[in-house]
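Peer 1: The structure under discussion is supplied below as structure tokens; questions concerning it will follow.
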Amino acid sequence: MIEAKDLHFSYPTGIEALRGINLTINDGEFLAVMGQNGAGKTTLVKHFNGLLKPTKGEVRVNGVSTRDVSVAKLARNVGFVFQNPDHQLFSETVEEEIAFALKNFGFEEAVIEKQVDWALNLLEITKYRKTSPFMLSGGERKRVALASILAWDPQVIILDEPTIGQDYQQKEKLQQFILQLNAQKKTVVVVTHDVEFVAECNPRVILMSQGKILAEGIAEEILTNQKLVAQASIVPPQITQIFLELADLGLPTNVIDVHEATKILLDRLRERQ
Amino acid sequence: MAVIETRDLTYTYPGATEPSIKEVSITINKGDFVILTGPSGCGKTTLCRCFNGLIPHFYNGNLEGEIVVAGLNVNDQQIHQLARHVGLVFQNPENQLFALSVEKDVAFGLENFAMPRDEMRKRVDWALQMAGITELSERPPHELSGGQQQRVAIASVLAMQPDIMILDEPTSFLDPVGAQKIFEVINELNKKLGITIILVEHRLDLAAKYANHVIVMDEGKVVLNGTPREIFTSEEARLIGVGIPKATKLYQHLKQNGIQLKTVPVTTEETANLLREALKHD
């Protein structure tokens with residue numbers, strides 16, 4: 001469980017990035033953190049593995065304040081995949097990159113090998129195992145970064161903008177894969193601007209604005225609330241936009257899913273025939 | 001009039017065993033707004049590097065076939081000559097920005113053209129304003145957020161007022177409203193100044209309404225080439241995994257269930273209008 005209590009954080013430059021965050025993330029929960037650029041999303045999630053420590057207030061991971069534990073120790077439980085893979089990758093080959101943390105955690109050679117193979121296969125990058133991460137495309141580098149975290153099987157997985165640079169198929173797979181992690185009772189925290197991605201996963205959402213939590217609820221409530229969405233610089237999912245446009249015809253305005261939309265429209269159209 | 005023309009363009013990076021782009025033959029007309037899309041690793045970025053001469057002049061490797069950009073044969077031109085015609089906004093803004101202030105970064109290309117100071121001042125201010133970052137002009141780029149950096153990268157290319165602007169996922173770090181604003185800026189450059197736009201993008205839901213030409217690549221080849229409407233409804237596009245906008249998807253789902261809307265919608269407005277008509281008529 002991750003708890004933030006009256007969390008404040010200021011950067012050394014004096015910018016107050018977080019201004020009193022209260023939040024509980026339960027084990028096995030799937031949470032999306034959304035909001036405009038500069039709202040403090042990344043700053044917030046960097047507190048969950050101790051990369052940043054609160055200026056005021058506190059963050060507790062499994063009951064222990066992040067002030068009292070090293071990042072190395074927290075990392076065993078909380079894996080963090082950076083927004084920009086170039087901030088994370090440094091090894092000569094993809095394989096070494098993925099093995100790095102496993103070695104640091106002191107796993108046996110045989111386990112490391114097995115985990116590396118598993119992660120390469122999962123993210124469909126086996127053919128690049130001997131390639132330098134820096135030879136790969138942006139989307140592929142992102143998958144290497146993800147593989148290197150998943151390889152050590154942390155309980156909590158934080159993904160900062162995981163869908164950037166991913167093509168549609170990869171995004172679908174990533175989505176399946178996140179849902180699957182979540183089904184295995186992993187805690188998943190995703191920072192994202194991708195409303196269509198959130199609309200399809202329907203996680204719990206917190207909306208941030210100017211260092212504070214503006215609202216929280218399930219995706220269906222949050223993404224269809226026009227006022228909130230505008231405040232957080234988000235555009236509603238396309239399906240919601242279409243249904244909002246047709247609200248005067250008596251269609252519901254809280255639809256985010258294309259299948260649900262199809263069903264509602266078919267009922268209405270057939271009724272009239 | 002063609003502003004970019006390639007014939008059987010094939011390129012292999014130094015040390016690579018397989019070409020990254022294979023026999024690419026395309027024509028892009030002056031004033032086109034092109035979306036270049038396809039699975040990650042399919043060769044989109046590599047193709048863009050050919051358009052401004054980074055390939056073959058910076059990356060070396062082996063380039064075969066023909067490529068003419070703004071009337072210039074890329075093989076015979078130096079990068080700085082092509083830079084007057086073609087601006088490239090990098091996928092990762094950190095790879096592009098280096099100056100100590102935003103303003104200096106935006107002025108850099110113009111300084112290299114030896115532009116008179118007054119004119120440079122005007123151009124820089126204009127570009128900052130177009131990108132919506134006037135208030136950031138004195139800030140060091142490396143202290144900015146990813147989204148702000150993307151705007152700086154766009155402004156620094158914009159300042160050069162190129163004939164052709166290539167943007168490699170220029171909004172990936174931006175929130176949706178920020179992304180929409182950038183697309184609107186790009187659209188204005190296209191419609192008002194006639195700048196040819198080549199946009200590398202996966203998020204077709206946000207970009208589709210501005211484009212008149214979509215090119216889809218897969219495994220180094222161009223596999224689809226046409227208007228957004230043609231591409232979004234093609235079975236191939238679905239199979240390759242092109243991210244069909246939900247506005248078009250809804251049309252397809254209804255069609256599969258026996259409801260045929262009059263035309264193929266590409267934007268939410270079009271879908272809403274077609275549905276309104278269908279719901280009223282029946």
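Peer 1: Helix B:268-281: angle to the longest alpha-carbon principal axis of chain B, degrees 0 to 90, nearest 10?
Peer 2: In chain B, helix B:268-281 runs at an angle near 20 degrees to the longest axis.
Peer 1: Give me, ordered by chain and number, the residues 5 or more places off A:Val191 or on other chains with an amide H under 5 Å from its own placed amide H.
Peer 2: Distant-sequence amide H within range of A:Val191: A:Val33, A:Leu159, A:Asp160, A:Glu161.
Peer 1: While we're looking at this one, here's another question. Assign one of three labels to the protein assembly as shown, namely rounded, prolate or oblate, based on the Cα gyration tensor with a ≥ b ≥ c the square roots of its eigenvalues; rounded applies when a/c is under 1.5, prolate when it is not and a/b is larger than b/c, and oblate otherwise.
Peer 2: Numbers: a/c = 1.38, a/b = 1.11, b/c = 1.24.
Since a/c stays below 1.5, the shape of the protein assembly as shown is classed as rounded.
Peer 1: Neighbour counts of other C-beta atoms within 10 Å: give me B:Arg123, B:Arg84 arranged from fewest to most. All intermediate terms of the calculation are to be shown ahead of the outcome.
Peer 2: Numbers: B:Arg123 19, B:Arg84 16.
Lowest to highest Cβ neighbour count: B:Arg84, B:Arg123.
Peer 1: First check a/c for segment B:128-211, with a ≥ b ≥ c the square roots of the eigenvalues of its C-alpha gyration tensor; if it is under 1.5, answer rounded, and if not, answer prolate when a/b is larger than b/c or oblate otherwise. Don't skip to the end; give the middle numbers.
Peer 2: Numbers: a/c = 1.92, a/b = 1.28, b/c = 1.50.
Oblate, because a/c is 1.5 or more while a/b does not exceed b/c.
Peer 1: Still on this structure: What is the angle, in °, between the Cα long axis of helix B:146-158 and the longest principal axis of the Cα atoms in chain B? Nearest 10 is fine, range 0 to 90.
Peer 2: Taking Cα atoms only, the helix is inclined about 70 degrees.
Peer 1: Taking the Cβ-Cβ separation of A:His8 and A:Gln226 as r and a Förster radius of 41 Å, what is the calculated FRET efficiency to the nearest 0.05? It would help to have the intermediate numbers written out before the result.
Peer 2: Details: r = 30 Å, r/R0 = 0.74.
With a Förster radius of 41 Å, E is 0.85.
Peer 1: Pick out which of A:Thr13, A:Thr126, A:Thr163 has the largest mean-square fluctuation in a Gaussian network model of chain A, springs linking Cα atoms closer than 10 Å.
Peer 2: A:Thr13
Peer 1: Related question: If contacts are Cα pairs under 8 angstrom and at least 6 residues apart, what is the relative contact order of chain B in percent?
Peer 2: On the way: 528 pairs, mean separation 60.1, N = 282.
Value for chain B: 21 percent.
Peer 1: Which of rounded, prolate, oblate describes chain A, given a ≥ b ≥ c as roots of the alpha-carbon gyration tensor eigenvalues and a/c under 1.5 marking rounded, otherwise prolate only if a/b is larger than b/c? Before the final figure, lay out each step's value.
Peer 2: Numbers: a/c = 2.18, a/b = 1.36, b/c = 1.61.
The shape class here is oblate.
Peer 1: Against the longest alpha carbon principal axis of chain A, how many degrees, from 0 to 90 and to the nearest 10, is the axis of helix A:168-183 turned?
Peer 2: Around 80 degrees separate the two axes.
Peer 1: Tell me, what is the Rg over Rh of segment A:1-78, with Rh the Kirkwood radius over Cα pairs?
Peer 2: Working: Rg = 12.0 Å, Rh = 12.7 Å.
Using only Cα positions, Rg/Rh for segment A:1-78 is 0.94.
Peer 1: Another question about this same structure. What number do you get for segment B:97-155 when its Cα radius of gyration is normalised by 2.2 N^0.38 Å, N = residues? All intermediate terms of the calculation are to be shown ahead of the outcome.
Peer 2: Working: Rg = 10.6 Å, N = 59, 2.2 N^0.38 = 10.4 Å.
Cα-based Rg divided by the globular estimate yields 1.02.
Peer 1: Now a separate question. Neighbour counts of other C-beta atoms within 10 Å: give me B:Glu94, A:Glu196, A:Glu220 arranged from fewest to most.
Peer 2: Details: B:Glu94 15, A:Glu196 23, A:Glu220 19.
If I rank by nearby Cβ atoms, fewest first, I get B:Glu94, A:Glu220, A:Glu196.
Peer 1: Using a 7 Å offset from Cα along Cα-Cβ at B:Ile79, what residues in segment B:34-61 end up with backbone N under 16 Å from the label point?
Peer 2: B:46-61
Peer 1: Here's a follow-up. In the Gaussian network model of chain A, springs joining C-alpha atoms below 10 Å, which of A:Met208, A:Met34, A:Met135 carries the largest mean-square fluctuation?
Peer 2: Of A:Met208, A:Met34, A:Met135, the Gaussian network model singles out A:Met135 as fluctuating most.
Peer 1: Which trypsin sites (Lys or Arg not before Pro) in segment A:180-273 sit in a loop by DSSP (not H, G, I, E or B) and have at most 13 other Cβ atoms within 10 Å of their own Cβ? Don't skip to the answer; put the middle values down first.
Peer 2: Numbers: sites: A:Lys185, A:Lys186, A:Arg204, A:Lys212, A:Lys227, A:Lys263, A:Arg268, A:Arg270, A:Arg272; in loops: A:Lys185, A:Lys186.
Qualifying residues, ordered by number: A:Lys185.
Peer 1: Let's test this: bin the Cα-Cα distances of segment B:1-110 at 10 Å from zero up to the farthest pair and state each bin's percent.
Peer 2: Pairs per bin, as whole percents: 13, 43, 34, 10, 0.
Peer 1: Right, here's the next one. Ranked by Cβ crowding within 10 angstrom, fewest neighbours first, how are B:Met120, A:Met1 ordered? All intermediate terms of the calculation are to be shown ahead of the outcome.
Peer 2: Numbers: B:Met120 18, A:Met1 14.
With the sparsest Cβ surroundings first, the list reads A:Met1, B:Met120.
Peer 1: When we measure straight from the Cα of A:Lys56, which lysines land under 23 angstrom away, once same-chain ones fewer than 8 places off are left out?
Peer 2: Those lysines meeting the cut-off are A:Lys5, A:Lys41, A:Lys46, A:Lys73, A:Lys212.
Peer 1: Report, for segment A:123-273, the % of DSSP beta bridges that are antiparallel, rounded to 5. Write out the running numbers ahead of the final one.
Peer 2: Working: 6 of 11 bridges.
Of the beta bridges lying entirely in segment A:123-273, close to 55 percent run antiparallel.
Peer 1: Follow-up. Dipole of chain B, Cα-centred, from +1 at each Lys and Arg C-beta and -1 at each Asp and Glu C-beta, to the nearest 20 debye? Don't skip to the answer; put the middle values down first.
Peer 2: Details: 27 positive and 35 negative charges, 127 e Å.
Taking the Cα centre of chain B as origin, the dipole is about 600 debye.
Peer 1: Mind checking A:234-243 for the average number of partner chain beta-carbons within 10 Å of each residue's beta-carbon? List each step's numbers first, then the result.
Peer 2: Working: counts 3, 8, 2, 4, 11, 6, 2, 8, 14, 4.
Shielding by partners across A:234-243 averages 6.
Peer 1: If the cut-off is 18 Å between C-alpha atoms, which aspartates and glutamates fall inside it for A:Lys127, apart from same-chain ones fewer than 8 positions away?
Peer 2: Partners found: A:Glu92, A:Glu95, A:Glu96, A:Glu97, A:Glu113, A:Asp117, A:Glu140, B:Glu18, B:Asp218, B:Glu219.
Peer 1: Given the options A:Ala119, A:Ala183, A:Ala99, state which has the largest fluctuation in a GNM of chain A using a 10 Å cut-off (strictly under) for Cα springs.
Peer 2: A:Ala183
Peer 1: Next question. Rg (Å, one decimal) plus Dmax (Å, integer) for the alpha carbons of chain B?
Peer 2: Rg then Dmax for chain B, in Å: 19.9, 66.
Every number in this text was worked out from the coordinates using simple rules, so none of it is lab data. Everything quoted here is computed from the prediction, not taken from an experiment. Backbone-built Cβ (ideal geometry, glycine too); neighbour counts: all protein chains shown.
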